[in-house]
Amino acid sequence: MYRPAVIAIGVLLAGLAAAPLLQAQTARPNVVFIMTDDVGYGDIGSYGARDVLTPNIDQLAREGTRFTDFYANAPVCTPTRAGFVTGRYQQRVGLERALSGPARTNGVGLTANGRTLPQLLKNSGYTTGLVGKWHLGYELDQSPSAHGFDYFFGFKSGYVDYYQHTNGGGADDLWENEREIEVDGYLTDLFTERSVDFIRQNADRPFFLSVQFNAAHWPYQPPDMPSVARGNATHLQPHTEDTSTRDDYVAMLERADRGIGEIVWALTDAGLSENTLVIFTNDNGGEWLSNNAPLFNRKWTVWEGGIRVASILRWPGVIPANRVTPQVGITMDLTATILAVTDTRVPAELDLDGINLLPILTGEAPTVERTLFWRSPNRADRAVRSGDWKLVVQGSQGGRPSFVFNVRTDLGERNDMTNVRQDVARRLRGLLDAWEAEVDADAETVAGGFR
């Protein structure tokens, strides 16, 4: 565990009166990982939102460090979640698209192999819990419990009705561990309640809690709807008659923010704040009711609006407060960071693609240049960011046009520089082609196995 040396020295000098502080700083830290769904980069107050109130997420930013250049592993949900659970590019395990409903997946999913994040943490002595969205498989050997979660409360498909808890096919999809259950309530509130309960019940032992809110993913059903207006679990489009509104979306996100506040307060109430790493992020860019400004485009694409997301890390006394970092990061970095701070042994055969971000955040190490890759679910569009430069390759046929941007200075990807930086285009295209060949070769070796 990383912690400033001055804290340890100060505790020793203070003698027995400071024993509780020493114990808090040397105990194995808890980890609370919070992920929202389809939330736009510009939908959080600390990221520039003007019509959404997110005081609790913003409080995390004031008490921790906020990333400006953080990315999701993918522009859609299943692949990003696979990247987080495995700590590797999801293409390596053949999970590049969002899983369909259980009747249409043909058994495809993330089969447990003993090396995913919750299992490693469990092996390391952590109590593990998942509350919220899974979306990594429906078979028993693909379930949260098979991957090492001691407790699971949530749903397995890509989306559900917030009130009826049914999936797109109309089937019930609310689970507690391996048992389908029926519980009344708005799903965001239920996830908050179960998360708080998990913290209280495990306050005397090290724990890892993954809170996967489905807010603000469609169906756009805001909280406190009258019963006559419930039950519309369809994906309404802007051209649909009586479609959803921005106000619906805002209400859903604000309720999730309230839940985040309750979860963080539960840590404080249990005396765990000083010894808990809280991570907040999102799974991909926002949908059509979201605000991804100042980025271009949205979910499903490899443009910045589809992959750049909010991310905040808070650990009082360890991670500096009220800081903003330009360090480039990605979802699977959070996996490597969690494994490092919990002092969890990583098997030699697990070659993580992410890096431990904590030394950079604490100032023990300088920021590092990253080279990161993305591919759209249909494999038509690809992207690579190396340093401040990004290459976007569009289309699977014909000339496959390429675009070059400096995304440090041109967040909106408006100034295509391929006409003057062919050197960048050639270099990044070579990196991208080599990465694709590598991850696709890995996927072939696990076909029919770790899927």
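Inspect region 112-122 for any residue being basic (Lys, Arg), open to solvent by 10 Å² or more (accessible area, probe 1.4 Å) and in contact with a Leu (Cβ under 6 Å, 6 or more places away or on another chain) and give the result as yes or no. Write out each step before concluding.
Applying the first criterion (basic (Lys, Arg)) to region 112-122 yields 115, 122.
Restricting the remaining residues to those that are open to solvent by 10 Å² or more (accessible area, probe 1.4 Å) gives 115, 122.
After this cut, where a residue has to be in contact with a Leu (Cβ under 6 Å, 6 or more places away or on another chain) as well, the list is 115.
Yes.
Could you check residue 409 against (1) in contact with a Leu (Cβ under 7 Å, 6 or more places away or on another chain); (2) open to solvent by 60 Å² or more (accessible area, probe 1.4 Å) and say which number it fails?
Looking at each condition in turn, residue 409 falls short on (1).
Among the numbered criteria (1) over 24 Å from residue 192 (Cα atoms); (2) surrounded by 20 or more Cβ atoms within 10 Å (Cβ to Cβ), which single criterion is violated by residue 137?
Result: residue 137 fails condition (1) only.
If I filter region 412-435 down to residues being under 30 Å from residue 351 (Cα atoms) and touching a strand residue (DSSP E or B) at 6+ places or on another chain (Cβ under 7 Å), which single residue comes out as surrounded by the fewest Cβ atoms within 10 Å (Cβ to Cβ)?
431
Looking at 285, 271, can you tell me which residue is farther than 17 Å from residue 188 by Cβ and either under 19 Å from the mean Cα position of the chain (by Cα) or open to solvent by less than 10 Å² (accessible area, probe 1.4 Å) (or both)? Can you show your working first?
Working: 271 fails: either under 19 Å from the mean Cα position of the chain (by Cα) or open to solvent by less than 10 Å² (accessible area, probe 1.4 Å) (or both).
So the residue among 285, 271 that is farther than 17 Å from residue 188 by Cβ and either under 19 Å from the mean Cα position of the chain (by Cα) or open to solvent by less than 10 Å² (accessible area, probe 1.4 Å) (or both) is 285.
Only one residue in 236, 209 is in contact (Cβ under 8 Å) with a residue 12 or more places away in the chain and part of a strand (DSSP E or B). Which one?
Numbers: 236 fails: part of a strand (DSSP E or B).
The unique qualifying residue is 209.
Considering only region 213-221, I want to know if a residue exists there that is in contact with a Gly (Cβ under 7 Å, 6 or more places away or on another chain) and crowded, with 22+ Cβ neighbours inside 10 Å.
So in region 213-221, the residues in contact with a Gly (Cβ under 7 Å, 6 or more places away or on another chain) come out as 213-214.
Pick out the ones that are also crowded, with 22+ Cβ neighbours inside 10 Å and you get 213-214.
Yes; the residues of region 213-221 include at least one that is in contact with a Gly (Cβ under 7 Å, 6 or more places away or on another chain) and crowded, with 22+ Cβ neighbours inside 10 Å.
Would a scan of region 50-57 turn up a residue that is within 24 Å of residue 351 (Cα to Cα), modelled with pLDDT of 95 or more and open to solvent by less than 10 Å² (accessible area, probe 1.4 Å)? Full working, then the answer.
The initial filter retains those residues of region 50-57 that are within 24 Å of residue 351 (Cα to Cα), namely none.
Scanning region 50-57 turns up no residue that is within 24 Å of residue 351 (Cα to Cα), modelled with pLDDT of 95 or more and open to solvent by less than 10 Å² (accessible area, probe 1.4 Å).
If you go through region 175-191, how many residues are under 16 Å from residue 211 (Cβ atoms) and hydrophobic (A, V, I, L, M, F, W, C)?
4
Kindly establish whether residue 431 is assigned to a helix (DSSP H, G or I) and farther than 23 Å from residue 325 by Cα.
Numbers: assigned to a helix (DSSP H, G or I): yes; farther than 23 Å from residue 325 by Cα: yes.
Considered against the rule, which asks whether it is assigned to a helix (DSSP H, G or I) and farther than 23 Å from residue 325 by Cα, residue 431 comes out as yes.
Working only within region 116-136, note down all residues that are in a loop (DSSP other than H, G, I, E, B), of a type outside the set (S, T, N, Q) and out of contact with any Pro (no Cβ under 6 Å at 6 or more places or on another chain).
The initial filter retains those residues of region 116-136 that are in a loop (DSSP other than H, G, I, E, B), namely 116, 124-126, 134-136.
Still in the running and of a type outside the set (S, T, N, Q): 125-126, 134-136.
The answer is 125, 135, 136.
Just need a number here: residues in region 288-329 that are open to solvent by less than 20 Å² (accessible area, probe 1.4 Å) and assigned to a strand (DSSP E or B).
Qualifying residue count for the region: 9.
Here is a list of conditions, (1) free of Cβ contacts under 8 Å to residues at least 40 places away in the same chain; (2) in a helix (DSSP H, G or I), and residue 105 meets all of them except one; can you say which number that is?
(2)
What pairs can you find where one residue is in region 30-45 and closer than 16 Å to residue 71 by Cβ, the other is in a strand (DSSP E or B) and of a type in the set (S, T, N, Q), and their Cβ atoms are less than 7 Å apart, with a gap of 6+ or different chains?
These pairs meet every condition: 35/212; 35/281; 35/282; 36/282; 39/282.
Within region 148-164, which residues are within 20 Å of residue 205 (Cβ to Cβ) and open to solvent by less than 10 Å² (accessible area, probe 1.4 Å)?
So the first thing to find is which residues in region 148-164 are within 20 Å of residue 205 (Cβ to Cβ), and the list is 148-153.
Result: 148, 152, 153.
Given the residues 271, 261, which is the only one that is in a helix (DSSP H, G or I) and touching a helix residue (DSSP H, G or I) at 6+ places or on another chain (Cβ under 9 Å)?
Values: 271 fails: in a helix (DSSP H, G or I).
Answer to the check: 261.
Looking only at residues that are under 20 Å from the mean Cα position of the chain (by Cα) and small (Gly, Ala, Ser) in region 330-353, which one is least open to solvent (accessible area, probe 1.4 Å)?
Here the answer is 336.
Criterion first (surrounded by fewer than 24 Cβ atoms within 10 Å (Cβ to Cβ), in contact with a Phe, Trp or Tyr (Cβ under 9 Å, 6 or more places away or on another chain) and over 18 Å from residue 255 (Cβ atoms)) does residue 178 satisfy it?
Numbers: surrounded by fewer than 24 Cβ atoms within 10 Å (Cβ to Cβ): yes; in contact with a Phe, Trp or Tyr (Cβ under 9 Å, 6 or more places away or on another chain): yes; over 18 Å from residue 255 (Cβ atoms): yes.
Spelling it out, residue 178 is indeed surrounded by fewer than 24 Cβ atoms within 10 Å (Cβ to Cβ), in contact with a Phe, Trp or Tyr (Cβ under 9 Å, 6 or more places away or on another chain) and over 18 Å from residue 255 (Cβ atoms).
List the number of the failed condition for residue 194; all other conditions in (1) under 20 Å from the mean Cα position of the chain (by Cα); (2) open to solvent by less than 20 Å² (accessible area, probe 1.4 Å) hold.
Going through (1) under 20 Å from the mean Cα position of the chain (by Cα); (2) open to solvent by less than 20 Å² (accessible area, probe 1.4 Å) one by one, residue 194 breaks only (2).
Based on this model, can you work out whether residue 92 counts as within 26 Å of residue 442 (Cβ to Cβ), in a loop (DSSP other than H, G, I, E, B), open to solvent by 10 Å² or more (accessible area, probe 1.4 Å) and not polar (S, T, N, Q)? If you could, list the steps in order and put the result at the bottom.
Values: within 26 Å of residue 442 (Cβ to Cβ): yes; in a loop (DSSP other than H, G, I, E, B): no; open to solvent by 10 Å² or more (accessible area, probe 1.4 Å): yes; not polar (S, T, N, Q): yes.
Criteria not met by residue 92.
The values are calculated or read from the model by the stated rules, or taken from the named source; none is laboratory data. Fair warning: this is a prediction, and the values are worked out from it, not measured in the lab. We place every Cβ from the backbone using ideal geometry, glycine too, and count neighbours over all the protein chains shown. Areas reflect the complete protein model, heavy atoms only, side chains present, ligands, DNA and RNA absent. Shrake-Rupley method; radii C 1.70, N 1.55, O 1.52, S 1.80 Å.
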